Amino acid sequence: IFKYYYDQGKADILWDADEYYLNQPQQEAGMFLRNNLKIFSASNFQFIEKNFKEAKNIQLVSVPKQIGQAQVVKQTLQSLIDQQIPLDRVAVVLANEKLLWPVLQQLPESVEHVNITMEYPLRYTSTYAFIEQLIQLQIAFAKQKSSSKTIYHHDLVALLRQPLFVNYLLAKKIHLNTDKVISQIKARNLSFISRTVLAQLFEKFYDVLSPLFVQASSIGDFSTLLINILKDLISHFSQQQQTQQNSLELEYLHIVLKNSNRLHDILARYPHFNDIHSFRQLFSQVVGSSTAPFIGEPLRGLQIMGVLETRTLDFEHIILVNVNEGVLPSGKSINSFIPNDLKRAFGLPLYLEKDAIYAYHFYRLLQKATDITITYDSETDTFGKGEKSRFITQLQLEMPNYNPEIKINERVANYKDFPEEKDKNIVVNKDQNVLSAIFEKAVSNDIYGGFSPSGLLAYKECPLKFYFRYGTRLKEPEEVEESAEANTFGSILHLSLETFYKPFISKTLSDEGLRSQANNIDQIVNESFVSFFDNNPPSGKSILQLDVVKVYVKKLVDNDLRFVKNLLSQNQYVVLKQLESEFGAPLEINIDQKPTTIYIKGKIDRIDSYSGLVRIIDYKSSVKSIDKFTFSGMEILFGDKNYDKQLQLFLYAWLLHKSGYCEADKIIACIIPFKEFSEEPKFIQDAGKNPFRFSAELMAEFEAKLKSFAEEIFNKSVPFTQTKDKKAHEYCPYNAICLL
């Protein structure tokens, strides 16, 4: 059509191009223009210019992550403002539309007017994410074969944390504390949540909210439910004070509702789309591919636009953001059912033609500009992300030869106010405020007061860890355990053993009694296990862990049977004294040269007696090859981490001695490791490899060393520092705070 009118002399064509990419056959940016010039054969082509022969300043900036690139935009804009350059001569061009919100949030305060000339994809909005989460619940229901459907805790928590879900609650006048519900899910360790439990969590609001959390009877009903939710949200936002954020959210809701109505009509017309997976795919295609247009003032202020929106526009100052390979150009992915071979055979466009279009837009944008800043994301991963676009590499290789007046500088972004790199080691100097919470705990003799052996070992392992736990009272992050983690697994094992041996407290262990109780092992372990999972039966990995606990209990029982039999042959008996018993004792120390009483408290897993001896038993899942059990002196006991388990047993022995439970020379102490179980427990040993016998003199020496150890905690000249042991740091609950 164009050629017909051109040949008739009724039309003229104005070409917008530069000789640089037009006259070089290998330059892909001029591919279509060169083809058109052959079609419109004429001697005079207007507006073919030589802009790339003029001086230009191009800054290439490598910076990690989206927020880093937004910071570069902010710095560059502030520099232009400081130079008093009018912002209507500046364009921020986003190769990646996801960067719109980071860039808007980082704009300098002096930017008054902004014109956004681009469309924002709905798939990046909170409205789309909210609907996606509701669809995910239905997909989870569809996968379950049983009639009693449950909700996976991750799906429920993700929905409860959705900002639009909170607004939906407000729209329905439901005053539900979502944070409290999430806390209950974690506290009760709810992995899969049934309707009954959901009713407990939502209480009186369950009836109103239940349609969102049950499987829809049909896809049509689910589509209707989504439309009603969107209408409720639109009504809610319409009644709110119209802030910029509310206005945008309302705009997104209207567009999603319009597309959802369209999708509902499709489902009514084609009833064979009757499963949730088809619905999700259609939702992704119909709604996910839609965009929200922005309307601004095109004649003034800063222009923010996408690459395609820059066509035919000229700016002196360009900030081109996120020019990475796979973003600009976007790569080989083309949404088409037609294979490349067929496209090539019939002369249809391939990805090469698509790249040529973006190459033209790239060079066309730069040809009239004199000051250009181009950023790219430098963060790399397994899939090659972080590679700058080949368009940038072409500029770097070709421009110095084509026009030396085009200056290209590449740099890594830096923040002018960013402090110099400091030592990563964290040191907390002690003062009254830092020590107040620790002091309060140490001098208290109530149920939660005093230092425990594990607390003292934490200080020995890493003083900073001790400070985080007791000085700042930072709690470890609480998460739902789908299967028993290490701590929970140990707690289940301890509870199972306590329940099993409870009937024998203050009694002599006998072969007959142990064998009779052994018949109850399965029931005892099952009940102990489900008590940690809100009485839900184990599933998946938990079933294996349940069997492991049963094996561990049976191993200990079998070991006790052999031990009882062996003692009986010597006319000796073993009496079970106590299980999971708390012991505490005062310790007199000096704090700031003032005598102060603190308390040491510990729970001993098991105490029994035989042959005139009192045996302390501590249950451990395993011991390491580096753990030392031969006593070698007090200094090494308190100084070497390989003696931690021995130190813990010493503390238990000292607690028994101080509480007057028995004389020191009658105490022996051991660990029973379950993972690598042996018939003989791991006793603290003397030089002759015999079970170590304590004494009153040794306990006095230990107490003196314990006193100086505790005094160091309150010594203000000794700061809390972090460990240098990388393995200890790796498993520390606070390792996200201090990077070793």
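The values are calculated or read from the model by the stated rules, or taken from the named source; none is laboratory data. If you're wondering where the values come from, they're calculated on a predicted model, not measured in any experiment. Here the Cβ positions follow ideal geometry from the backbone for every residue, glycine too, while neighbour counts run over all protein chains shown. Just so you know, the surface numbers come from the protein's heavy atoms only, side chains and all, with ligands and any DNA or RNA stripped out. Shrake-Rupley method; radii C 1.70, N 1.55, O 1.52, S 1.80 Å.
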Checklist line | Every residue from the range 504-532 that is more than 20 Å from Ser609 (Cβ to Cβ), small (Gly, Ala, Ser) and outside any helix (DSSP H, G or I) | finding: none
Checklist line | Test: residue in the range 684-702 that is of a type in the set (Lys, Arg) and either at pLDDT 90 or above or surrounded by 15 or more Cβ atoms within 10 Å (Cβ to Cβ) (or both) | finding: no
Notebook entry, point to check: Is it the case that Tyr661 is within 30 Å of Thr488 (Cα to Cα), hydroxyl-bearing (Ser, Thr, Tyr) and surrounded by 17 or more Cβ atoms within 10 Å (Cβ to Cβ)?
Noted result: no
Next item on the list: Considering (1) basic (Lys, Arg); (2) touching a Ser or Thr at 6+ places or on another chain (Cβ under 9 Å); (3) under 16 Å from Asn322 (Cβ atoms), say which one Arg123 fails and leave the rest.
Entry: (3)
Check: Take the residues of the range 614-636 that are surrounded by 15 or more Cβ atoms within 10 Å (Cβ to Cβ) and assigned to a strand (DSSP E or B): which is modelled with the lowest pLDDT?
Finding: Lys620
Next item on the list: Exactly one condition in (1) farther than 29 Å from Gln162 by Cα; (2) assigned to a loop (DSSP other than H, G, I, E, B); (3) open to solvent by 40 Å² or more (accessible area, probe 1.4 Å) is not met by Lys145; state its number.
Entry: (1)
Note to self: Looking at the range 497-508, I want the residues that are of a type in the set (Val, Ile, Thr) and have a partner that is open to solvent by 60 Å² or more (accessible area, probe 1.4 Å) and outside any helix (DSSP H, G or I) with Cβ atoms under 7 Å, at least 6 apart or on another chain. Which pairs are those?
What the structure shows: Thr508/Tyr573
Item checked: Condition broken by Tyr21, with the remaining ones in (1) modelled with pLDDT under 85; (2) closer than 16 Å to Leu365 by Cα; (3) open to solvent by less than 40 Å² (accessible area, probe 1.4 Å) satisfied -> (1)
Item checked: Verdict on Asp640 being open to solvent by less than 40 Å² (accessible area, probe 1.4 Å) and within 35 Å of the chain's Cα centre (by Cα) -> no
Check: When only residues in the range 657-703 that are in a helix (DSSP H, G or I) and touching a residue at least 60 places away in the same chain (Cβ under 8 Å) count, which is nearest to Val623 (Cα to Cα)?
Finding: Phe702
Note to self: Can you find a residue that is in contact with a helix residue (DSSP H, G or I) (Cβ under 9 Å, 6 or more places away or on another chain), modelled with pLDDT under 90, farther than 30 Å from Lys727 by Cβ and open to solvent by less than 50 Å² (accessible area, probe 1.4 Å) anywhere in the range 443-450?
What the structure shows: yes
Margin query: For the list (1) of a type in the set (A, V, I, L, M); (2) open to solvent by less than 10 Å² (accessible area, probe 1.4 Å); (3) in a loop (DSSP other than H, G, I, E, B), I need the number of the one condition that Met305 fails.
Written below: (3)
Next item on the list: Pick out, from the range 1-75, the helices (runs of 4 or more DSSP H) lying fully within it that include 2 or more residues that are of a type in the set (S, T, N, Q).
Entry: 31-39
Check: Wholly within the range 167-224, which helices (runs of 4 or more DSSP H) include no fewer than the required count, namely at least 2 residues that are open to solvent by less than 10 Å² (accessible area, probe 1.4 Å)?
Finding: 178-187, 195-202
Notebook entry, point to check: Under the condition of being among the charged types (D, E, K, R) and modelled with pLDDT under 80, which residue from the range 110-133 is most open to solvent (accessible area, probe 1.4 Å)?
Noted result: Glu112
Next item on the list: Would you please list the contacts, defined by Cβ atoms under 8 Å and residues six or more apart or on different chains, that run from a residue in the range 440-455 that is closer than 18 Å to Glu588 by Cβ to a residue that is open to solvent by less than 50 Å² (accessible area, probe 1.4 Å) and polar (S, T, N, Q)?
Entry: Val443/Thr596; Val443/Thr597; Gly450/Ser444
Checklist line | Residue within the range 44-58 that is free of Cβ contacts under 8 Å to residues at least 24 places away in the same chain and surrounded by fewer than 18 Cβ atoms within 10 Å (Cβ to Cβ) present | finding: yes
Margin query: Against the condition among the hydrophobic types (A, V, I, L, M, F, W, C) and open to solvent by 20 Å² or more (accessible area, probe 1.4 Å), how does Leu107 come out, does it pass?
Written below: yes
